[in-house]
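Structure, as structure tokens:
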Amino acid sequence: MDMDPSGSGGWRFAQCFGDKGDVEDITEADIISTVEFDSTGNYLATGDKGGRVVLFERNESKKSCEYKFYTEFQSHEPEFDYLKSLEIEEKINKIKWCKRQNTAHLLLTTNDKTIKLWKVFEKSLRVVSETNHYEGQRALPPPSLRTHLKLPRMMFQENIIAALPRKVYANAHAYHIHSISVNSDQETFISADDLRVNLWNLGISNQSFNIVDIKPVNMEELTEVITAAEFHPQQCNVFMYSSSKSNIKLADMRDSALCDRHAKCFEEEEDPSTRSFFSEIISSISDVKFSHDGRYILSRDYLSLKIWDINMESKPVKTIPIHDHLRGKLCDLYENDCIFDKFECVWGGDDKHVLTGSYHNFFRIFDVDSPNDVVLQADKSAFKAKKIGGPLPNKNGLKNGRPGGLREAMQSETLDFNKKILHASWHPRENTIAIAATNNLFLYSAA
């Protein structure tokens, strides 16, 4: 993605799914809360605050990377915890695909308390077409002789896509589940909440093993929480978890059953001169991802992305500021709670690019090995103009993606903090990205 005159890095708007009405008319339940490509990139899943999962499949009839609706199902329902008098939201926090073993798809979905393993498969419907009383819809006189009796005939009607919950993994988390990650062995997965990480076998739903527990004996002594967790993409014994104290711990399950003693801790010393009331909040890591080869770790805090070499714990190999212009607005962001927003980060399929979101539906793609970056905006101007280069809907008539266009607009005073790109996923084999913008799913592609 070399620098080009338009500043768009060759990225083009491809598709938008979802209601394209105004933000004011959005139903809370329709807001997308997670998005995930499968390992082939042929399928894409989204989960929303209404507990629904929508799957899309690659449209093979199109030359470009386009998707079409595949199926939708209700994954979670609102519940009530009578012991704690707490409502449990149906909102889908994470979706993770398991690798396909046959024609069916298996995917894990979770809300705050319960993880489910769904099997999604095509099923042919057959109906009885001929009996002794009916031929199709036409009534027949009752048979008068034994020789007139005939066996009922079944007829193929249509193919439907069914979704069945194969397993329900419940009652293992006292706090809200924020992460799930399937192991490279495709037999186990981890789930993480604020204080614990549990290890599950996909085939056993009534038993899990607690492998990390940072809960102090006295909760008043609590100083940090777990914010994200992920398995290593190749080594099935290694996983990492990040903390609100801006560190990432790498743990090896071969060391001991309880992985409280980490194998490595990635942490950068804080500069005392920049310390403020907000330092601890903005340094809390909201997401961590291994690169596909497992050599690097990508982490996101409120204002920046960091790339860590797995062999160097003392400091990141690269720190990328995302929206440093917000540093002067931290008071306002604290007042409106935006400072607690959890932005995700994503590696490109080739591990040469990284992606993360910002406010006003801006998102940025960075080149890992050079200072090049692309600023894009997932909003209605994209599909109205149908290409990057359409004018931004603002009074200056700035052009989308032009140097001094989107980059300037991103740093303007009129940012809408209700529009934010928190969730995204990158196609594992192509330059296609899926961006969740409130209740819309945007797809962008680059040559």
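The values are calculated or read from the model by the stated rules, or taken from the named source; none is laboratory data. Just so it is clear, the structure is predicted and the values come from calculations on it, not from any experiment. With ideal geometry, Cβ positions are generated from the backbone for all residues, glycine too; neighbour counts draw on all protein chains shown. Areas reflect the complete protein model, heavy atoms only, side chains present, ligands, DNA and RNA absent. Shrake-Rupley method; radii C 1.70, N 1.55, O 1.52, S 1.80 Å.
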Listed residues G294, G203, G348; largest mean-square fluctuation, Gaussian network over the chain with Cα springs below 10 Å, found at G203
If one builds a Gaussian network model of the chain from Cα atoms under 10 Å apart, the most fluctuating residue listed among H427, H133, H292 is H133
The percentage of the accessible area of the stretch 242-324 (probe 1.4 Å, all protein chains present) made up of carbon and sulfur atoms, to the nearest whole number, is 49 percent
So E187 and L86, fully extended at 0.36 nm per residue minus their Cα-Cα distance, gain in nm 33.1 nm
Simple SL model, points at 7 angstrom along Cα→Cβ for D30 and I161; separation in nm is 2.0 nm
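Mind jotting down a quarter of the surface of the convex hull over the alpha carbons of the chain, in square nanometres, one decimal? Please report the intermediate quantities before stating the final value.
Values: hull surface 113.7 nm².
Result: 28.4 nm².
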Around H323 (Cβ within 10 Å, Cβ-to-Cβ, excluding H323; K/R +1, D/E -1) the net charge comes to +2
GNM on the chain, Cα springs under 10 Å; top mean-square fluctuation among R275, R58, R429 goes to R275
Taking the alpha-carbon centre of each part, the distance from the stretch 250-295 to the stretch 418-446 in Å is 26 Å
For R153 and F278, extending 7 Å from Cα along the Cα-Cβ vector and measuring point to point gives, in nm, a value of 7.4 nm
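Taking the highest mean first, how do the peptides 36-49, 143-156, 89-102 order by number of other beta carbon atoms within 10 angstrom per residue?
Details: 36-49: 20.8, 143-156: 9.4, 89-102: 17.6.
Top to bottom by mean Cβ count within 10 Å: 36-49, 89-102, 143-156.
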Descending packing, highest mean Cβ count within 10 Å first, for 437-443, 75-81 is 437-443, 75-81
Once phi for every residue in the stretch 93-103 is put through the Karplus expression 6.51 cos²θ - 1.76 cosθ + 1.60 (θ = phi - 60°), the whole-Hz ³J(HN,Hα) values, with Gly and Pro written as x, are 7, 8, 10, 10, 7, 8, 5, 6, 9, 8, 6
